[in-house]
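Step one of this worksheet: look at the structure below.
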Amino acid sequence: MTIETEGLSPRFAELDEWSTPEVLKALYEGQLLAVAAVCAALPALGRAADAAAAILSRGKGRVVYAGAGTSVRIGVQDGAELPPTFDWPEMRLGFVIAGSEQAILTAVEGAEDSQSDAIERVRQLGVGREDVVIGVAASGTTPFTVAAIAESRRLGALTIGVANNPGTPLLGASEHPILIETGEEVVAGSTRMKAGTAQKIVLNLLSTAVMIRLGRVYKGMMVDFRVTNAKLRQRSEAMVAKIAGCEAEPAARALREAHGEVKLASLLALGAKRDEAEAALQRHDGNLRLALRELRRSRAVSDGERHG
């Protein structure tokens with residue numbers, strides 16, 4: 001099996017002799033190629049996102065990232081952003097990391113080769129039918145990652161495999177294989193570069209698409225983010241004002257009443273009672289668009305009855 005990401009391109013055989021501007025241009029061009037490589041993966045990404053959203057909409061399952069080295073670090077970065085950006089519960093987020101958490105900052109010798117460790121970690125996490133497990137490996141052959149995905153699939157989880165080489169074991173082990181062919185690196189084998197960039201984009205697209213499908217975005221706004229500082233407080237007030245069509249002060253007042261929850265505050269700013277707003281959001285699994293539609297429909301009916 002040829003692992004393209006490990007190959008040495010003849011074009012860069014004398015890279016260390018090049019001028020710094022020439023080196024930077026080559027690295028930059030490599031990044032552009034990595035971005036372009038994602039396009040071919042969009043159909044597979046779409047299928048994976050829809051399948052993941054269907055599983056996670058049941059309200060109990062977790063998003064789990066599995067891998068080793070650079071790939072799992074990129075996964076951790078993506079996963080860590082889900083709670084503050086989309087108010088995704090930490091208890092619905094998991095990681096299966098070769099070498100455990102210490103491997104995020106320090107390389108752990110031999111960790112990526114241990115299939116038994118991967119299987120044990122998957123079982124310890126209690127992976128099951130309600131979970132979505134995403135395995136990432138540039139080579140597509142990393143024993144730890146392949147074993148983690150294979151075991152997760154055996155246990156009934158939805159599995160998504162992201163790799164940068166075609167025909168590799170990780171893709172074969174995954175229910176939803178996502179191939180991003182980035183080819184040889186400018187610095188041979190340094191997959192933190194082209195391969196890593198493409199992986200980051202794919203995970204960004206995947207997790208964001210899933211959250212959109214789960215109703216955590218409304219009209220391009222991340223209405224489920226957590227307000228943790230002054231900048232985000234201003235952002236949330238602007239969102240509520242825009243959604244409700246009101247001034248800043250009523251928006252801020254509604255946010256205080258809603259304890260910073262943008263979706264609830266938007267309904268309150270539109271005149272809904274708190275229990276009415278909470279019930280509408282609960283009926284529609286937190287989907288603001290559907291809750292707004294219900295609220296407006298019920299008000300139209302009420303107005304019609306009053307004028308009847």
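Where a number appears in this text, it was derived from the coordinates with a stated rule and is not lab data. Everything numeric in this text was worked out from a predicted model, so none of it was measured. Positions of Cβ are generated from backbone atoms using ideal geometry, with glycine treated the same way; all protein chains shown enter the neighbour counts.
Among residues other than PRO166 with Cβ under 13 Å from its Cβ, the summed charge is -2 (Lys and Arg +1, Asp and Glu -1). If you run the Gaussian network model on the chain, springs between alpha carbon atoms under 10 Å, then out of LEU268, LEU42, LEU295 the most flexible one is LEU295. Mean projected area of the Cα convex hull of the chain, taken over all directions, amounts to 19.7 nm².
When you count the other C-beta atoms within 10 angstrom of each residue and take the mean per peptide, 223-234, 126-137 line up highest first as 126-137, 223-234. Helix 274-283 and the longest principal axis of the Cα set of the chain meet at an angle near 40°.
To the nearest ten degrees, helix 288-307 and the longest principal axis of the Cα atoms of the chain are 20 degrees apart. Treating r as the C-beta distance of GLU247 and ARG289 and R0 as 22 Å, the FRET efficiency rounds to 0.45. Cross-link check: pairs LYS60/LYS242; LYS194/LYS231; LYS231/LYS273 evaluated at a Cα-Cα cut-off of 30 Å; pairs beyond the cut-off: LYS60/LYS242; LYS194/LYS231. Scalar couplings 3J(HN,Hα) for region 44-55, obtained by applying the Karplus form with A = 6.51, B = -1.76, C = 1.60 to θ = phi - 60°, are 5, 4, x, 5, 5, 5, 5, 5, 5, 4, 4, 5 Hz; x denotes Gly and Pro.
Taking the C-alpha atoms only, the angle from helix 230-244 to the longest principal axis of the chain is near 50 degrees.
Per-residue packing, averaged as other Cβ atoms within 10 Å, sorts the ranges 20-28, 140-148, 97-105, 1-9 into the order 140-148, 97-105, 1-9, 20-28, beginning with the highest.
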